[in-house]
Each structure stands twice: as C-alpha cells, then as structure tokens.
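The following block contains the structure, expressed as structure tokens.
The values are calculated or read from the model by the stated rules, or taken from the named source; none is laboratory data. Predicted, not measured: the structure shown is a model, and the values here were computed from it. Surface accessibility is based on the protein's heavy atoms, side chains included, excluding ligands, DNA and RNA. Shrake-Rupley method; radii C 1.70, N 1.55, O 1.52, S 1.80 Å.
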Amino acid sequence: MELVPLTAIDKADTGWVMVSSALVLLMTLPGIALFYAGLVRRKNVVNTMVAIFAVACVVTLTWFGLGYSLAFTADSLWLGNLSRAWFAALHYDGKRNLISVSHLAPHLPEAAYALFQAAFAIITTSLIVGAVVERMRFAALLLFAALWSVLVYAPIAHWVWESGGWLNQLGALDFAGGAVVHVNAGVAALVCAFMLGRRRGYGMEAFEPNSLGWTAMGTALLLFGWFGFNAGSALSADGRAALAFVVTLVAASAGGLAWLLVEWLMRGAPTLLGLLSGMVGGLVAITPAAGFVQVGSAVWIGLIAGAVCFWGATWLKRRLGADDSLDVFGVHGVGGIAGSILTAVFADPLIAGTGTTVLNQLIAVLAIAAYSAAGTAVILLLIRVLMPLRVDNVQEIEGLDISLHLERQH
C-alpha cells in the first residue's frame, strides 16, 4: 500500500472497476443462487439459496479481514502478509489530499481494487456449494467457506495475480481466473463430493431439476455479470476491456452451440440445460484468455470447451463416481483446465504483451489443483473432528428446507 495524491486516481477507470465489481457480485447474488436452486429438488431449494447468500456474507468478512492482505501484499513467492488486514491505515487524508492504492493498481483507490477482488473470492467459494447441495450440514458449510476462502483461495490468488507470486514469476497467464477461480473451485468441489459421499438414492432414482426456468435466468445473470468478471479484469476502461467484453460473448455463444450439437448427436435431442451448461463452459474457458486473444480464437476456445465440458459432465463424471451434484468439476474444473491450456495456444503476444507456454500453463493448473485438493481435504477433516459433515438420513429424506431452516418453497 502507498498513499498517492487524489489527482493520481483515474476516475473513469475507477468507475468501470466499481461497476464491474457490482456485475461480478451479481453473478453470485442472484446468478449462482438461481442457477443452483433451479437444479435441485423442490425440498432443497431454500437451503441451496440460503447457502449461497450465507457463504457470500461469510467470505466478504474473511476477505476484508484476512484474505485480501494474504493475497495481495508482496511478501514472498507463496503468501502475502497481514499488513492490510481489515485495511489497517486505509484512509483518505483530507489535509494532504492523499488516498491509499495497491501497487497492483496504483491508478485506482485501494478500496475499489479490494472490492473487485472480493467479488472473485465470493463467487469462487460459492461455486463449491453446487457439489454438496442436498446433503451438507449448514454449520459445516459456513465453517468450510470461512476456512477455505482464507487458507486455499487467498494463497492461490497470490501465486497467480500478485506480481511476486511464484506462478506469476513463472509466466503463467490467467487474465480473469480460469485457474484461480474455476480450476480451484472445480477441484475443491470434486474433493468435497468424494468426502461427503453420494446423496441417498443417487444412481437409483432420477433427481429432476425443480425449475429449469430459474436455471435459465441464473445463466442469463451469469452471462451479464461475466462481462464485469472478464472485461473488469483489465482494471481500466480501455481497448483490452472492450476486447475481453466481446470475446466473452463470442465464447459463451460458441460453447452453448457446441454442447447443444454434441448432445443432439449423442442423445437425439437438444436440451435447454445442455445449452445453458455449454454457455457456462464457454464462459469458463475464455476467462483465462479474455484479455489475450482475438475474436476468432474465442470461437475455437468456446467450441472446444462446450464439447469438453459435455464430456466432463457425462462420461468423466460416471468414471469418477463422485456425486458432484451440479457438475461443478465437470463444467468449471474441466472448462478451467481446458481454457488455461488453450490460453497458451491462442494468446496473441501483440495483445498480451507477453507469451506463455503449454508447459507453464500445465504447471499452474497442476499446482493449483494439487494445493486445492489437499487444502480442501484437510479443512474437511478438521471440520469433521468438530461436527458431522452431512445431515442425518431423516433430514436428507425430509429435505433440508424444512429440517434445517423451517421454511419451504411452495
């Protein structure tokens, strides 16, 4: 942190980053909440929604308390320090007209930069909920969110996005979170699914979505918010932001059509859920490349992602055997891995200002996946010492809405 004159702050860029922060928050509330709530059974709708909202509240506090400081202070290759915990000394000095900024965005008020990054921490942690719906204890979930956002997300964000982080130094590229957000959350979700075990009746009865309409509206909000997610990561209202905006829409469209066509060929019918899932897959895959690729490359990234994520949510899911309830790993994990690797293939050095290699991207993906998996497992094991991770059989059969929250979706 340093103090700079107010005249050093770019008002246009500050406005864009604040709007982008709101768009990314919209992705979680209500985007992810509606997307997930539409996919669960009616008896678990309230629990799914309250889980997303409560996780967002928890991570907001852990981020400004510890996470931001650990992620975005240049203390070492591996982790920051606690000098910015609770934004100590963050202030506007009225007498000298000074304001604090981050060394990573010296043209923005530090509060705007930290807010933008908070929205990323919130949605990353919230994505994991999709793997544990309909069976995880609410108290265990909240404790998990608090610990995971600090102990897993913050170090990984430091590795990739802090200028002194080891993956940043290696030269790995991740414009807006293909690895930090999606590989990280996808792998953590898979570990959670394995450690919690399958839902009662999984594989023996159909778990029909209660409202594909809600899921469609959630997807629309995700697409809308993703423009802030990707274009906002330019941290400036400039040409890179405009390019990221365009390739985001293009990749989402290509991803949706790719999944739709593969599903049509494989299963004999195009489905709404398939189209929506493919769009999300395209969005996930373009995220690490959004500020580095041409529009034509975004088409290929989206097409590949749509097909690969269909494979991840069907064949791969069956082979893994985990009850990843809402395909967090199949779409976000697989899409994030594909997008991270494809970034090395399609990144234009004239746009990116630098280049990377497939090897560097693979190292980043493997390191993040390994740390996320190990950290998630350790956190769940620690929580299991304090309380059961799952609700009991009676509560699961009755539904978590009534058994945990005394409320019901009518």
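Against the 2.2 N^0.38 Å scaling, with N counting residues, where does the range 213-266 land? I'd like the Cα-based Rg ratio to two decimal places. Walk me through the numbers before you get to the answer.
Details: Rg = 13.6 Å, N = 54, 2.2 N^0.38 = 10.0 Å.
The value comes to 1.35.
With n ≥ 4 as the cut-off for DSSP H runs, can you work out [θ] at 222 nm for the chain, using -39500 (n - 2.57) per run divided by the number of residues, rounded to the nearest 500?
Working: 20 runs with 251 residues, N = 410.
That calculation yields -19000 deg cm²/dmol at 222 nm.
Would you mind checking the radius of gyration and Dmax of the range 364-410 based on alpha-carbon positions, in Å?
For the range 364-410, the Cα-based Rg and Dmax read 16.2, 45 Å.
Report ³J(HN,Hα) in whole Hz for each residue of the range 202-213, in order, from the Karplus equation J = 6.51 cos²θ - 1.76 cosθ + 1.60 where θ = phi - 60°; Gly and Pro get x.
4, x, 10, 9, 6, 9, 7, x, 7, 7, 5, x
Please give the direction-averaged projected area of the C-alpha convex hull for the range 329-410, in square nanometres with one decimal.
On the way: hull surface 37.4 nm².
The number I arrive at for the range 329-410 is 9.3 nm².
Another question, then. Using only C-alpha positions, report the orientation-averaged shadow area of the convex hull of the chain, nm², one decimal.
Numbers: hull surface 76.8 nm².
Taking a quarter of the hull surface, the average projection is 19.2 nm².
Follow-up question, since we're still on this one. What is the antiparallel percent of DSSP beta bridges lying wholly in the chain, to the nearest 5?
Values: 8 of 9 bridges.
The answer is about 90 percent antiparallel.
Roughly what % of Cα-Cα distances in the range 119-202 sit above 20 Å, to the whole percent? Walk me through the numbers on the way to the answer.
Values: 1280 of 3486 pairs.
Tail fraction, whole percent: 37.
For the range 263-327, state what percent of all Cα-Cα pairs lands in each successive 5 Å bin, counting from 0 Å until the bin that includes the largest distance.
4, 17, 24, 22, 18, 10, 5, 1
From the convex hull of the Cα coordinates of the range 251-290, what is the mean projected area in square nanometres?
Working: hull surface 9.4 nm².
Reported value for the Cα convex hull: 2.3 nm².
Could you state the accessible area per residue of the chain in Å², with a 1.4 Å probe and every protein chain left in place? Write out the running numbers ahead of the final one.
Working: 15450 Å² over 410 residues.
Accessible area per residue, the chain: 38 Å².
Okay, moving on. On alpha carbon coordinates alone, what is the Rg over Rh value for the range 87-244, Rh being the Kirkwood radius? Walk me through the intermediate numbers first.
Details: Rg = 19.1 Å, Rh = 18.3 Å.
Looking at the range 87-244, the ratio lands at 1.04.
What are the ³J(HN,Hα) couplings of the range 358-365, residue after residue, when phi is run through the Karplus curve with 6.51, -1.76, 1.60 and θ = phi - 60°? Round to Hz, x for glycine and proline.
4, 4, 4, 5, 5, 4, 4, 4
Rg/Rh for the range 214-305 to two decimals, with Rh computed the Kirkwood way over all alpha-carbon pairs. Write out the running numbers ahead of the final one.
Details: Rg = 13.2 Å, Rh = 12.9 Å.
Rounded to two decimals, Rg/Rh equals 1.02.
On a full-extension model of 0.36 nm per residue, what is the gain between residue 97 and residue 198, subtracting their alpha-carbon distance, rounded to one decimal in nm?
That works out to 30.6 nm of additional length.
Further question on the same structure: Where the Cα atoms of the range 152-273 are projected onto their three principal axes, how long is each span, largest first, in whole Å?
50, 36, 26
Right, next: What is the distance in Å between the Cα centres of the range 126-172 and the range 267-345?
Using only Cα atoms to place each centre, the spacing works out to 20 Å.
For the range 276-402, what is the Kirkwood estimate of the hydrodynamic radius, computed as the reciprocal of the mean inverse distance between distinct Cα atoms, to one decimal in Å?
On the way: mean 1/r = 0.0602 Å⁻¹.
It works out to 16.6 Å.
What translational diffusion coefficient, to the nearest whole µm²/s, does the range 1-113 have by Stokes-Einstein, given a Kirkwood radius computed over alpha-carbon pairs, a temperature of 37 °C and 0.692 mPa s viscosity? Write down the numbers at each step before the final one.
Details: Rh = 16.2 Å.
In µm²/s, the coefficient rounds to 202.
May I ask you to evaluate 6.51 cos²θ - 1.76 cosθ + 1.60, the Karplus curve with θ = phi - 60°, for each residue of the range 317-324 and list the ³J(HN,Hα) values in order in whole Hz, giving x for glycine and proline?
Values per residue, Gly and Pro as x: 4, 5, 5, 5, x, 7, 8, 7 Hz.
Still on this model: Restricting the calculation to Cα positions, tell me the Rg (one decimal) and the Dmax (whole number) of the range 142-185 in Å.
So, for the range 142-185, Rg and Dmax equal 11.0, 35 Å respectively.
While we're here: Using the alpha carbon gyration tensor of the range 74-175, what are the three equivalent-ellipsoid semi-axes (square root of 5 times each eigenvalue), largest first, in whole Å? Don't skip to the end; give the middle numbers.
On the way: eigenvalues 168, 71, 29 Å².
Each semi-axis is √(5λ); the values are 29, 19, 12 Å.
Next question, about the same structure. In what order, largest first, do 390, 319, 198 sit by accessible area if the probe radius is 1.4 Å? Could the numbers behind the result be given before it?
Numbers: 390 60, 319 165, 198 125 Å².
Correct descending sequence by accessible area is 319, 198, 390.
Right, next: Carbon and sulfur: what percent of the chain's accessible surface (1.4 Å probe)?
Details: 10720 of 15450 Å².
For the chain, the apolar C and S fraction of the accessible surface comes to 69 percent.
Provide the convex hull volume over Cα atoms per residue for the range 159-203, in Å³. Intermediate results must be reported in sequence, preceding the final value.
On the way: hull volume 4.1 nm³, N = 45.
About 91 Å³ per residue, rounded to a whole number.
Continuing with the same structure: With the alpha-carbon atoms as the only input, what is the per residue convex hull volume for the range 241-350 in Å³?
Working: hull volume 9.3 nm³, N = 110.
Taking only Cα atoms, the range 241-350 has a hull volume of 84 Å³ per residue.
While we're here: Using the Kirkwood formula over every pair of different C-alpha atoms, what hydrodynamic radius in Å results for the range 303-376? Could you put the intermediate results ahead of the total?
On the way: mean 1/r = 0.0741 Å⁻¹.
This gives a value of 13.5 Å.
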